[in-house]
Amino acid sequence: MVTPMNCPLETRETAELLLDYCRRRLSPERAAMLENHMQTCTACRGFAERQRAVWEALDGWEAAPVSADFDRRLYRRIEGETSWLERLSGRLRPLLAYRGVPVAAAACLVIAAGLLMERSATPVPTAAVAQKVNVEVQPEQVEKALDAMDLISEFNDKVRPEKPQAKL
Amino acid sequence: MAALDFDAELMLRVREGDGASFGVLLDKHRSSVVHFLFRMVQNRAVAEELAQEVFLRVYRSRATYEPTAKFTTWLFRIATHLALNALRDGRHDRSQERLDDDSGDLPARQVSDGRPNVEHALLNEARLEEIRRAIAALPEKQRAAVLMHKYEEMEYSQIAKVLNCSESAVKSLLFRAYETLRARLAHLA
């Protein structure tokens, strides 16, 4: 004989019995107890019928199939994430095996940094200085100017007669 | 201490540098993760993008992995976390247009199986649409709980660990979720 039970719908905690029953997760004994109860409890019977309907409806919802290239895309992302660092360390590993190489590399870095700093410390000529440089007179220009002055002087001497001697 | 589940053992091998074990885990759980995410966000492209992120995170965590919980609990915790974030970020905007797109992702047999009963196929599609909408209308945590309970056949205790809440909270979530679904879908029987 099946033992009678309290109505599972009285509390939410016991209502899980009905969910498990519709999921076919109850032991045969508990299922028999519940079925016995449902013969007289219309609320539980209605609950179980509607829950089973939901369960069957959800069974009909198939998820979309996974894309064929899912794994390829995933492995490409994994490779992309790990490769650059691993490749770099992989390539440097043989070099790092020699004790002198890291020291030399560090020294090169220090020298390069020093050169860069010195270069940046050299003052940049200002616009005024640049202009000054541009207006500086070249020696050829001076010579030409002097030649021109000589020619003018000769011309003056030929055109103008000698100045009369000042009377004493 | 309970014996390690096989998946956790595989993950420990991945930690030791065994890439093939990661492939085994991927083969074993790819579909369930993608399908869970698909039903959560109801968009195939977004679901696959999220699933890629799930497995990428698993791979990234290999060095620090400790089998403190069942592997699938950990896996679905990552998946649920990403799905809930995606839904909250609004990255995935559920719209009629997208639902129509998704219907194209469903197996072709539902509408083009060549049988004369086109009416039956259309009816079937309408039912599926109703189910998708009912699930999508559930609050996010209830939705996740129902999907894990129904499709992944997880126990209350495992769902509780995934959702980081008590077992009684899970029972309450499920009770309310199924209550809503019964009201919306019971007529489909």
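The values are calculated or read from the model by the stated rules, or taken from the named source; none is laboratory data. Just so we're clear, the structure is a prediction, and the values are computed from it rather than from any experiment. Neighbour counts run over all protein chains shown; Cβ positions are idealised from the backbone, glycine included. Protein only, heavy atoms only, side chains kept; ligands, DNA and RNA dropped before computing areas. Shrake-Rupley method; radii C 1.70, N 1.55, O 1.52, S 1.80 Å.
Sorted from longest to shortest, the spans of the Cα atoms of region B:138-189 along the three principal axes equal 33, 18, 16 Å. Interface residues of region A:9-35, defined as those with an accessible-area decrease of at least 50 Å² between the chain by itself and the complete set of protein chains (probe 1.4 Å), are A:12, A:16, A:19, A:23, A:25. Greater than 18 Å separation of Cα atoms is the criterion. Which listed pairs, B:28/B:161; B:28/B:70; B:150/B:171, meet it? With Cα atoms farther than 18 Å apart: B:28/B:161. Computed from the C-beta positions of residue A:113 and residue A:75, the FRET efficiency with R₀ = 41 Å rounds to 0.55.
Counting Cβ atoms of other protein chains within 10 Å of each residue's Cβ and taking the mean over peptide A:70-78 gives 5. Peptide B:26-33 has a mean of 2 when you count, residue by residue, the C-beta atoms of other protein chains within 10 Å of its C-beta. Tell me the net charge near residue A:74. Cut-off is 13 Å between Cβ atoms, residue A:74 excluded, with +1 for each Lys or Arg and -1 for each Asp or Glu. Overall, the nearby charge balance is -1. The residues of region B:138-189 expose, per residue, 39 Å² of accessible area to a 1.4 Å probe. Using a 1.4 angstrom probe on protein heavy atoms only, the contact between B and A buries about 4200 square angstrom of accessible area, both sides summed. Among B:72, B:180, the order of accessible area from largest down is B:180, B:72, computed with a 1.4 Å probe on protein heavy atoms. Ratio of Rg to Rh for region A:8-59: 0.94 [Cα atoms; Kirkwood radius as inverse mean 1/r over pairs]. This model, with +1 at the C-beta of Lys and Arg and -1 at the C-beta of Asp and Glu, gives region B:2-47 a dipole about its Cα centre of some 320 debye.
Considering only B:138, B:151, B:187, and ranking their Cα positions along the charge dipole of region B:111-189 that arises from unit charges at the beta-carbon of Lys, Arg, Asp and Glu, the one farthest toward the positive end is B:138. If a paramagnetic tag sat 7 Å from the Cα of residue B:85 along the Cα-Cβ line, which residues of region B:16-58 would have the backbone N under 16 Å from that point? Output list for this probe position: B:37, B:41, B:46-58.
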